[in-house]
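Colleague: Take a look at this one; I'll ask things after.
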Number of protein chains: 2
Amino acid sequence: MSHPLFEKHQATLEQALGAIRSRAYWTPFNEMPSPRVYGETADADGKAAVEACVGREFTLDQPGQHGWSATERSPYGVPLDVKYPVCDTEALIAAAQAAMPAWQKLGAAGRTGVCLEILDRLNKNSFEIAHAVMLTTGQGWMMAFQAGGPHAQDRGLEAVAYAWDEQSRIVPEATWNKPQGKNPPLVMKKHFEIVGRGVALVIGCGTFPTWNTYPGVFAALATGNPVIIKPHSGAILPAAITVRIAREVLVEAGLDPNLISLAVVDKRADTQALATHPAVKSIDFTGSNVFGQWLLDNARQAQVYAELAGVNNVVIESTDNYKAMLRNLAFTLSLYSGQMCTTTQAILVPAGGIDTDQGHKSFDEVAHDLGAAIEKFLGDINVATAVLGAIQSEATVDRINEAGAHGTIVLDSKKLVHPQFPNAEVHTPVLLTCDAADEKRYMEERFGPISFVVKVADGAAAVALSERIVREHGALTVGLYSTKQDVIDAMTDATLRAGVALSINLTGGVFVNQSAAFSDYHGTGANPSANASYSDAAFVANRFRVIQRRYHIAE
Amino acid sequence: MSHPLFEKHQATLEQALGAIRSRAYWTPFNEMPSPRVYGETADADGKAAVEACVGREFTLDQPGQHGWSATERSPYGVPLDVKYPVCDTEALIAAAQAAMPAWQKLGAAGRTGVCLEILDRLNKNSFEIAHAVMLTTGQGWMMAFQAGGPHAQDRGLEAVAYAWDEQSRIVPEATWNKPQGKNPPLVMKKHFEIVGRGVALVIGCGTFPTWNTYPGVFAALATGNPVIIKPHSGAILPAAITVRIAREVLVEAGLDPNLISLAVVDKRADTQALATHPAVKSIDFTGSNVFGQWLLDNARQAQVYAELAGVNNVVIESTDNYKAMLRNLAFTLSLYSGQMCTTTQAILVPAGGIDTDQGHKSFDEVAHDLGAAIEKFLGDINVATAVLGAIQSEATVDRINEAGAHGTIVLDSKKLVHPQFPNAEVHTPVLLTCDAADEKRYMEERFGPISFVVKVADGAAAVALSERIVREHGALTVGLYSTKQDVIDAMTDATLRAGVALSINLTGGVFVNQSAAFSDYHGTGANPSANASYSDAAFVANRFRVIQRRYHIAE
């Protein structure tokens, strides 16, 4: 049971399946915002499309609409005031459920084809989405394009590939022929149908409204479930554009557009009611521990895939490339002002300092040199604003302003004036030092550009502390700098025990806070920062069930 | 990274992988207790091995032992008094954790090979296990052999096949080479390690101590986790023999035997403490809703795979083979006195009766004829005792004695005297009628040989009622008898919505309460009777995580 859209995208799917198997580099979506790839007018068109939304009603033709809501506030200080449809959540759920049987009957190949077409269409609209991501999240342009566009699409495609990989191994029918010695065999025909679990709720975050949302959206859709996206109140536009495009593709494919809808919900209580609705069978969530834990405790009717807070950390034991190490870390700490779930917060350095290719460096020298590297890197205002972006939430601005209370300041934050956006909230990172014993200072997530150089007894203590941080508080990323194989082995074992991904001696163009779709497992699901990996078989296999029927046939 | 035991069993594994893909009939374990297959002395040896346990200490050489416990009471009325080691659960957990790193480092192929060797060794001991199952559970001999031996081994093998299927697709290392336009590419070496989640607790039931336990045991073991089996206090011996054999294989393979241990726990509170221990990361449970729900509510640190109660039902709308239908149902209701999680409890029949090849039959005639078919089938005492076995628990005997209060008796239960076991608790089934409106009577699980012919308005009402029963109370099996394609289609759709397996017009040698490994999905995970299917990808994929490390290499 194939489908025209499956055939259209089959080559891409097969390459994606090859990539999740080999985990070598691959992507079908070009990460460069190049006119040659995306078209000469793509940037201008995308920008114009977003500007056309400002101050207007964003129509989606969803059921149960009873009003409009405009809650976004751009970190760049530009007016948005986009009005989104507010719909009765019961109406959205009922419409989603009504759309489900035809989606199930379409079969895995049909669903996969439609999902791939949506991703292809999203890719063609990457500039529009990127401008929407930039303005709502405060990301710099290049990140907004890459992470908001092609990289997010990669992650959606990765989820579709895993979903297909699992579903394609379910045979639709079988003949079961059991010998009975001298008697005639028992012969049965059996049919196996893949059935989605039910309505999937995907709750977006304010910083990565597409990158963190697409895996859940596409894993759920591809496995037969209707999806309701509940975006963060500060970053609705990228989700709304995504839903609009997906609904257009569904209609073109003769399917019910209510398979995917946008739930703009103003009150926390309404989100809670939606999340605990009996019809909601899965929830994908990225965000705070408080609401994530609430979901895990209360949305017991649903499978909850939650990416929560963590304390990402790097151990610096020694290095053979001191300057490149500092440059690499300076970029990591600056990128999108540390507003990434993967940004390093704690940098563990021995009290006695470290051996480097530049001679021995004391603890204080390491901290100072890292601060200086950040300062130097951000010395050019154009580089600084492009890399830092703007601060997404007032809470993060507050955290930056209060950071000095948590340690000794090595590098203080400065507010910068953005050349193009005079009202943008641009703040350089804060770098602090503290003692390993001062756990309250560095051992809880301080989301934003706030990091600590933590003084530990020695390299072994650093490895042990890193492991304990991951076990107790979770982490999506851990790094190590060491020239000694025994330290690398000890850290490897520690991360295997703690269940966290390790990057070793990054001194070039890859950063500990970057995760490449099809190759890196983003999150392991093995420590408190996330209960799932994005994506793997476990991320998709529980989203559908196989329902069988059997009856006798003549042999 | 292969392993001698992997190579030894590779052909079997490949056939098992073929079977879970094709879902055609296949098994490597002969279900006939034949001397030609299992050896001329196998039966006598197995019986002697079990008899040698009676009244003795069953030594396992486990850590933390501080006493002995003997709790089993044979439903056949024969003395058992086997004394099992009682071990400090903290010691079992610590030993399990200590055994885990080497098990992880062995790799998926090594673990798979060791699991397959354990299964092979269990198969060779099928007679010993079968006698132990028979005496502890009350199963008849043939069922004890088949379900307790080869069929349980099939299910363990099926779980190992799924576990290998998922793990073998994780590449151990990759080279990631990302082009950078005119600049040199970014090149990284990445390693991906499969790591188990942690200690797996498998809680057995009193009726199928191996069949219901092996999927969880082998799914957990194969994916890198140490296993602690907590058997039902009434059916310890089959689990103890299993643990003994598995530990022998582990020692022979140079591994720590504490990868699998037996937790004999007398008090419910101790089981609860074990189940909520922070080190316990998965729990496989088969049993009552009360304790199952307690686990789901309280063992939040673990992934809980629970098979709970249900109300299995059959819709009789019409038939073209009335006699064979009645014979088939009579066997289903008699087999092991209905003490199967798959036995039909509610038989939904239109008030106006049904069309059959023997003419129209009124509701009362159908109920009466079914009662007569059961009576006739059990007329021979040797057939009766072989099929019925004995009643496993006093609670079930009580339920049989009180069943008359729940409906109009069509066929009352009789206590039979077993020719070989004069003290055996042998009871024939009770068949009752009631009205569909009397939901309290038939719409909760009454475990044991108690079933209801339920009067429904018509065929359509029967299909709708079946769907509602499954949705609200769960079911592992649903059956339908109908000669009309539109009724079959309606029932098919109902079972797809409710999420339950359907058997249609069973009139021969396959019964609705039978589930064939490698072909039938036992449980769907889509209704309240079970939150997992045994086995499928979802049953194994969450039992391990992939931990990566990456570093730059020269191209």
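The values are calculated or read from the model by the stated rules, or taken from the named source; none is laboratory data. Only a predicted model underlies this, so the values are computations on that prediction, with no experimental measurement involved. Reconstructed Cβ throughout: ideal geometry from the backbone, glycine too, with neighbour counts over all protein chains shown.
Colleague: Return the only residue of B:L13, B:L17, B:L5 being more than 24 Å from the chain's Cα centre (by Cα) and in contact (Cβ under 8 Å) with a residue 60 or more places away in the chain.
Modeller: One residue alone meets the criteria, B:L5.
Colleague: Taking the stated definitions as given, is A:Q548 in contact with a Lys or Arg (Cβ under 7 Å, 6 or more places away or on another chain) and either facing another protein chain (nearest Cβ under 10 Å) or assigned to a loop (DSSP other than H, G, I, E, B) (or both)?
Modeller: For A:Q548, the condition - in contact with a Lys or Arg (Cβ under 7 Å, 6 or more places away or on another chain) and either facing another protein chain (nearest Cβ under 10 Å) or assigned to a loop (DSSP other than H, G, I, E, B) (or both) - is met.
Colleague: Could you list, in sequence order, all residues of region A:7-46 that are in contact with a strand residue (DSSP E or B) (Cβ under 8 Å, 6 or more places away or on another chain) and either at positive phi or part of a helix (DSSP H, G or I) (or both)?
Modeller: A:S22, A:R23
Residues are listed down the side, and each one gets a yes or a no for (1) within 14 Å of chain B (Cβ to nearest Cβ); (2) in contact (Cβ under 8 Å) with a residue 12 or more places away in the chain; (3) closer than 25 Å to A:A390 by Cα; (4) touching a strand residue (DSSP E or B) at 6+ places or on another chain (Cβ under 8 Å):
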position: A:P184; (1), (2), (3), (4): yes, yes, no, no
position: A:E193; (1), (2), (3), (4): yes, yes, no, yes
position: A:A200; (1), (2), (3), (4): no, yes, no, yes
position: A:A220; (1), (2), (3), (4): no, yes, no, yes
position: A:V227; (1), (2), (3), (4): no, yes, no, yes
position: A:K230; (1), (2), (3), (4): no, yes, yes, yes
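Colleague: Taking B:P33 as the residue in question, decide whether it is in contact with a Phe, Trp or Tyr (Cβ under 6 Å, 6 or more places away or on another chain) and more than 22 Å from B:P85 (Cα to Cα).
Modeller: In short, yes.
Colleague: A follow-up question, please. Quick check: anything in region B:32-53 under 30 Å from A:T175 (Cα atoms), touching a Leu at 6+ places or on another chain (Cβ under 8 Å) and in contact (Cβ under 8 Å) with a residue 40 or more places away in the chain?
Modeller: Looking through region B:32-53, none of the residues is under 30 Å from A:T175 (Cα atoms), touching a Leu at 6+ places or on another chain (Cβ under 8 Å) and in contact (Cβ under 8 Å) with a residue 40 or more places away in the chain.
Colleague: Across region A:520-545, what is the number of residues that are more than 16 Å from the chain's Cα centre (by Cα), facing chain B (nearest Cβ under 7 Å) and in contact (Cβ under 8 Å) with a residue 40 or more places away in the chain?
Modeller: 4
Colleague: Of the residues that sit in region A:484-507 and are in contact (Cβ under 8 Å) with a residue 40 or more places away in the chain, surrounded by fewer than 23 Cβ atoms within 10 Å (Cβ to Cβ) and within 12 Å of chain B (Cβ to nearest Cβ), which one is nearest to A:A526 (Cα to Cα)?
Modeller: Here the answer is A:N505.
Colleague: Now for a different question. Restricting to region B:254-267, count the residues that are buried (at least 18 other Cβ atoms within 10 Å of the Cβ) and outside any strand (DSSP E or B).
Modeller: Going through region B:254-267 one residue at a time, the tally reaches 8.
Colleague: Let me ask something else about it. Kindly establish whether A:S126 is polar (S, T, N, Q) and either without any contact (Cβ under 8 Å) to a residue 40 or more places away in the chain or more than 14 Å from every other protein chain (Cβ to nearest Cβ) (or both).
Modeller: Taking the combined requirement at face value, the residue satisfies it.
Colleague: Which ones in region B:479-504 are out of contact with any helix residue (DSSP H, G or I) (no Cβ under 6 Å at 6 or more places or on another chain) and either among the hydroxyl-bearing types (S, T, Y) or part of a helix (DSSP H, G or I) (or both)?
Modeller: B:T483, B:Q485, B:D486, B:I488, B:D489, B:T492, B:D493, B:T495, B:L496, B:R497, B:S503
Colleague: Identify, by number, the condition in (1) within 14 Å of chain A (Cβ to nearest Cβ); (2) in a helix (DSSP H, G or I) that B:G216 doesn't meet.
Modeller: With respect to (1) within 14 Å of chain A (Cβ to nearest Cβ); (2) in a helix (DSSP H, G or I), B:G216 is out only on (1).
Colleague: Going through region B:94-103 one residue at a time, which ones are farther than 30 Å from B:T71 by Cα and surrounded by 20 or more Cβ atoms within 10 Å (Cβ to Cβ)?
Modeller: B:M100, B:W103
Residue by residue, here is whether (1) over 20 Å from A:E402 (Cα atoms); (2) of a type in the set (G, A, S); (3) under 28 Å from the mean Cα position of the chain (by Cα) holds:
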site: A:E425; (1), (2), (3): no, no, yes
site: A:E444; (1), (2), (3): no, no, yes
site: A:D458; (1), (2), (3): yes, no, no
site: A:R471; (1), (2), (3): yes, no, yes
site: A:Y481; (1), (2), (3): yes, no, yes
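Colleague: While we're looking at this one, here's another question. Could you check A:A517 against (1) touching an Asp or Glu at 6+ places or on another chain (Cβ under 7 Å); (2) facing chain B (nearest Cβ under 7 Å); (3) in a loop (DSSP other than H, G, I, E, B) and say which number it fails?
Modeller: (2)
Colleague: Tell me the residue from A:P101, A:P85 that is closer than 23 Å to A:A219 by Cα, out of contact with any helix residue (DSSP H, G or I) (no Cβ under 6 Å at 6 or more places or on another chain) and not in a loop (DSSP other than H, G, I, E, B), please.
Modeller: A:P101
Colleague: I've got another one for you. Within the group A:A94, A:A49, which residue is under 27 Å from the mean Cα position of the chain (by Cα) and in a helix (DSSP H, G or I)?
Modeller: Criteria check complete, one pass: A:A49.
Colleague: Here is a list: B:S282, B:S233. Which entry is among the polar types (S, T, N, Q) and in a loop (DSSP other than H, G, I, E, B)?
Modeller: Result: B:S233 is the single residue among B:S282, B:S233 that is among the polar types (S, T, N, Q) and in a loop (DSSP other than H, G, I, E, B).
Colleague: For A:V251, state whether it is more than 17 Å from A:Y84 (Cβ to Cβ) and not acidic (D, E).
Modeller: Yes; evaluated as a whole, the condition is true for this residue.
Colleague: Also, I was wondering about something else. Here is a list: B:S2, B:S22, B:S69. Which entry is of a type in the set (S, T, Y) and within 14 Å of another protein chain (Cβ to nearest Cβ)?
Modeller: Going through B:S2, B:S22, B:S69 in turn, just one is of a type in the set (S, T, Y) and within 14 Å of another protein chain (Cβ to nearest Cβ): B:S22.
Colleague: Could you grab the pairs with beta carbons closer than 6 Å, sequence gap of 6+ or different chains, first residue in region A:72-91 and touching a residue at least 12 places away in the same chain (Cβ under 8 Å), second one among the hydroxyl-bearing types (S, T, Y)?
Modeller: A:E72/A:T136; A:L80/A:S74; A:Y84/A:S69; A:V86/A:S69
Here is a yes/no grid of residues against (1) at positive phi; (2) surrounded by fewer than 24 Cβ atoms within 10 Å (Cβ to Cβ); (3) not assigned by TED's automatic domain parsing to the domain that holds A:H232:
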{"position": "A:Q272", "(1), (2), (3)": "no, yes, no"}
{"position": "A:T276", "(1), (2), (3)": "no, yes, no"}
{"position": "A:K281", "(1), (2), (3)": "no, yes, no"}
{"position": "A:A299", "(1), (2), (3)": "no, yes, no"}
{"position": "A:E317", "(1), (2), (3)": "no, no, yes"}
{"position": "A:Y322", "(1), (2), (3)": "no, yes, yes"}
{"position": "A:R327", "(1), (2), (3)": "no, yes, yes"}
{"position": "A:M340", "(1), (2), (3)": "no, no, yes"}
{"position": "A:Q345", "(1), (2), (3)": "no, no, yes"}
